[in-house]
Every structure is written in structure tokens, then in C-alpha cells.
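The values are calculated or read from the model by the stated rules, or taken from the named source; none is laboratory data. The model shown is predicted, which means the values in this text are computed figures rather than measured ones. Glycine also receives a Cβ, built like all others from the backbone with ideal geometry; neighbour counts cover every protein chain displayed.
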Amino acid sequence: MAQASKPLAVGMITICQLMALALWFSATAVLPQLRAEFDLGAVQSSFFTSSVLLGFVIGTLASAFLGLADRIEPRRFWAISALIAATANLLILVVPVDGVVVILLRLITGICMAGIYPIGMKMVATWSRGDTGFLVGLLVGALTMGSALPHLFAVAVPLDWRLVIIAASVSAYLSGLMVLFVKLGGTPGRSPRFDPRMVGQIWSNKPLRHACYGYFGHMWELYAMWGWIGLFLYGAFSDRDATNPGMWAALLTFAIIGIGAFGSLAAGLLADRIGRTTVTMTAMAISGLCALGAGGLGDAPLIVLIVICIVWGISVVADSAQFSSCVIELADPHQVGTALTMQNAIGFLIALGSIHMVPVIADIFGWWGAFAMLSVGPLLGFVAMGRLRAMPEASRLAGGRR
């Protein structure tokens, strides 16, 4: 009976996460309309994405310090977080879009994301029976598809950006109710606490440090690409005098980000078979080359632009879950929780920098310069993972598959 319940339960957790995480990029998806209607500058536009990331870092650290994931029943924690985040997102409609309050609302949304994505991992882990890699890949895929969902909303309700915000909030409200009916596969394990006293010991672990370097390079590129690819495509379609460039840009952005879900799942399966450094290095090499070239293809034949961006969308997130797997396999067992929290916090803070730099560089050097700047991340990440691959400790990765 339990085995028969597993697909339904895991499927429900995945769908709920996908629906709730639509909040993450709900405002970013309508940036072209917001910039046109409210004359938003580059810095204010960047905050629509970066404030959510900053909120996620704050929420993750607070949850880890206070042990909230162990003190509150996971389904209730998840539901409360989704309901608060959806309400904060909805309140964007009643405050000045070009003011400070809207950024604070996006920050609250990000804080609540720390009660959704990690808790989803915790719930799905109760069903793990030797297939943790697949389940983690599934949840990362849901994160990716959820991030793409607002762009699909923008196509479905193209007449008013406010309807996109409403659709994302309704999606999250529904997920908060649905998750209460999810069946767990067992008693959730205790979440590892963050202990700042361990940071120095963790950082002295050279193989683990290089796995973190790889993740940092990955994060430099990922969220900046997700946050700005829609505006780049909007410009590309506008330059071609396309009918309704906003619709085509949103539809293509949904495809580019959403297809990364399949890349993440495929990479998770491959990493256990051919090695973690092999998969991460390959993904970063491909995404780095795409970043280097995509910005200069605004005037290229449309099919060339689409193909390069689709490949970029697959490769930019394919390696994401594998960096966490590397930390789990390389860290001392009692340090895993602190190592993962530290890796994620620093990685998201690095992403804040690249998100804000993209529009500044784009204004000076164009989209080619902005996206080429992002390619530095996967390049350095590739080097870091190559050095990790050469270390004897790399034999602990994926059962000896480097």
C-alpha cells in the first residue's frame, strides 16, 4: 500500500512546489510591461529579482538557526509559507510599483520560499528508498518549471501584467491548501542545524571548498540568466517588428527556463552513472559558451537565436543539484547541514551581484557584453571542478565515479 501511495504523494509534492514557486519570478516575468508603464530604471528592475534571492538567504539562515523545520510540522510550515508569500505577492497591486514597499514585499516572498523549497525536499525524502538522486532531480525540476510558469501566465493573460501577479498568487494559494493533503512516507528526519563554529573547519577541507567554488560559478550565471533573458528576447522580437513581441518573448522564455527541468533530471540520472565532475564540467562548458555567444545573436536568424537559448536553458541548470550532492559526499557527516547552508547562502549572495550587474553592463556594452560577463562564472566553476576531479578525495563522489 505504501509503495502504491508513493507516486501519488511524490507527484503531489512536486506539483505543489511547482505551483508555489511561480511566485519567485512573477514580477520578473512582466518587467517589460512594468518598465514601459512606470519607467523603471535598471537598479529598480534588478531588485524585483534580487530581493527575492536575498529574502531566501535570510529565510534559510533563520530557519537553520532556529530549527523551524523540526519545530513545525512540515506540511503546515509549507502551507503557511505559501499563503504568506502569495499574499505578499498580491499586495504588489496596491502599492506604488516604483517604490520601496514593493521591494520589501518581494523580500518577504523570498523569505517564505525558504519554507517551501527546502521543506519540499524534506517531505519528498520521507519517500526515498535508494532513489534520492532521482527525487532531488525531480524537485529541482519543479523549481525550474515553477520559475518558468509566470512567463506562461504572461502569454495566457497578455492584456494586463496585474493578471499575471494574480495568477501566480492564486497558484500559490491553491498549492498551500493542496499540500495539507500530502501523505508522508515516514517520519521526517531532523534537519541539520547551521553551526557557525564549523565554518572554518569546512573551509579548510580543500575538496569541499572546490565543490563550493564550482557552485559559486554556477550561481553567478543561473539567476541572472533566468532574470534577464526575457527582457533580452523582448528587445530581439521588438527589433524585428514582430507582432506582439511581449507574447513571443514570454512564450520563448517559458520554454527556455522550463526545459531546464528536463536537463536537471537527466543530469541527476547521468551523474550517478558517469560521475559528478563529468556532468558539472560538461554543463558549465556548454552554458558558458552559450552565455558568451547568445547576447550577440539579437540580429541573427531567429532559429539560431532560439536554438542557442534553448541549449543554454538546458545546460545552465543541469548541474545545479550535483553541487549539493558533492557537498553531501565530501563533508564530514556532522558538518553536512552547515556546509549546505553556507554553500547556498554564499551562492545566492553572489547571484545578487550578477543580477544587478547585467543591466548596467547591457546599457554600456549591449547584451553581448552583459551575457559574456556571465560566462566568467561557469569558466571559473569548470576550473574548480577540474581541480576537484584530480584530487584523490574525488573518488568519494558518486560511488567512485568522478
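When you go through Ile80, Ile119, Ile84 one by one, which is the residue that is in contact (Cβ under 8 Å) with a residue 12 or more places away in the chain, assigned to a helix (DSSP H, G or I) and surrounded by fewer than 17 Cβ atoms within 10 Å (Cβ to Cβ)?
Values: Ile119 fails: surrounded by fewer than 17 Cβ atoms within 10 Å (Cβ to Cβ); Ile84 fails: surrounded by fewer than 17 Cβ atoms within 10 Å (Cβ to Cβ).
Exactly one of Ile80, Ile119, Ile84 is in contact (Cβ under 8 Å) with a residue 12 or more places away in the chain, assigned to a helix (DSSP H, G or I) and surrounded by fewer than 17 Cβ atoms within 10 Å (Cβ to Cβ), namely Ile80.
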Single residue of Leu8, Leu21 found to be in a helix (DSSP H, G or I) and surrounded by fewer than 23 Cβ atoms within 10 Å (Cβ to Cβ): Leu8
Report, by residue number, each residue of the stretch 70-90 that is out of contact with any helix residue (DSSP H, G or I) (no Cβ under 7 Å at 6 or more places or on another chain) and of a type outside the set (A, V, I, L, M). Asp70, Arg71, Glu73, Arg76, Thr87
Taking the stretch 291-313, which residues are closer than 14 Å to Leu252 by Cβ, modelled with pLDDT of 90 or more and in contact with a helix residue (DSSP H, G or I) (Cβ under 9 Å, 6 or more places away or on another chain)? Ala294, Val304, Leu305, Ile306, Ile308, Cys309, Ile310, Val311, Trp312, Gly313
Which listed residue is modelled with pLDDT of 85 or more, over 18 Å from Ala27 (Cα atoms) and not polar (S, T, N, Q), from Phe232, Phe237: Phe237
At pLDDT below 85, hydrophobic (A, V, I, L, M, F, W, C) and out of contact with any Phe, Trp or Tyr (no Cβ under 9 Å at 6 or more places or on another chain): which single residue out of Val94, Val101, Val43 fits that description? Val43
Val101 - would you say it is assigned to a helix (DSSP H, G or I), within 28 Å of Asp39 (Cβ to Cβ), assigned by TED's automatic domain parsing to the domain that holds Met178 and aliphatic (A, V, I, L, M)? yes
Which numbered condition Leu302 fails, given (1) surrounded by 18 or more Cβ atoms within 10 Å (Cβ to Cβ); (2) among the aliphatic types (A, V, I, L, M); (3) over 19 Å from the mean Cα position of the chain (by Cα): (1)
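Step by step: first the residues of the stretch 122-133, then only those that are within 20 Å of Asp70 (Cα to Cα) and part of a helix (DSSP H, G or I), then the one that is modelled with the lowest pLDDT. Which residue is that?
Ala125
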Can you say whether Leu340 is in a helix (DSSP H, G or I), crowded, with 17+ Cβ neighbours inside 10 Å and in contact with a Leu (Cβ under 9 Å, 6 or more places away or on another chain), as far as the supplied structure shows? no
Of these, Asp363, Asp332, Asp319, which one is out of contact with any Lys or Arg (no Cβ under 6 Å at 6 or more places or on another chain), surrounded by 17 or more Cβ atoms within 10 Å (Cβ to Cβ) and of a type outside the set (A, V, I, L, M)? Asp319
Quick one: how many residues across the stretch 6-43 are within 20 Å of the chain's Cα centre (by Cα) and among the basic types (Lys, Arg)? 0
State which residue is surrounded by the most Cβ atoms within 10 Å (Cβ to Cβ) when the search covers only the stretch 347-359 and only residues that are over 14 Å from the mean Cα position of the chain (by Cα) and among the aliphatic types (A, V, I, L, M). Val358
Given the criterion at pLDDT below 80, under 17 Å from the mean Cα position of the chain (by Cα), closer than 29 Å to Phe48 by Cβ and not hydroxyl-bearing (Ser, Thr, Tyr), identify the matching residue among Val157, Val136, Val140. Val136
Suppose the filter is among the polar types (S, T, N, Q) and under 18 Å from Trp78 (Cα atoms); does Thr14 pass it? yes
Looking at (1) in a loop (DSSP other than H, G, I, E, B); (2) of a type in the set (Phe, Trp, Tyr); (3) more than 15 Å from Ala142 (Cα to Cα), which is the one condition that is false for Phe48? (1)
Of (1) under 19 Å from Thr144 (Cβ atoms); (2) crowded, with 20+ Cβ neighbours inside 10 Å, Ile308 satisfies every one except (2)
Checking Asp195 against (1) at pLDDT below 80; (2) under 22 Å from the mean Cα position of the chain (by Cα); (3) among the acidic types (Asp, Glu), only one condition comes out false. Which one? (2)
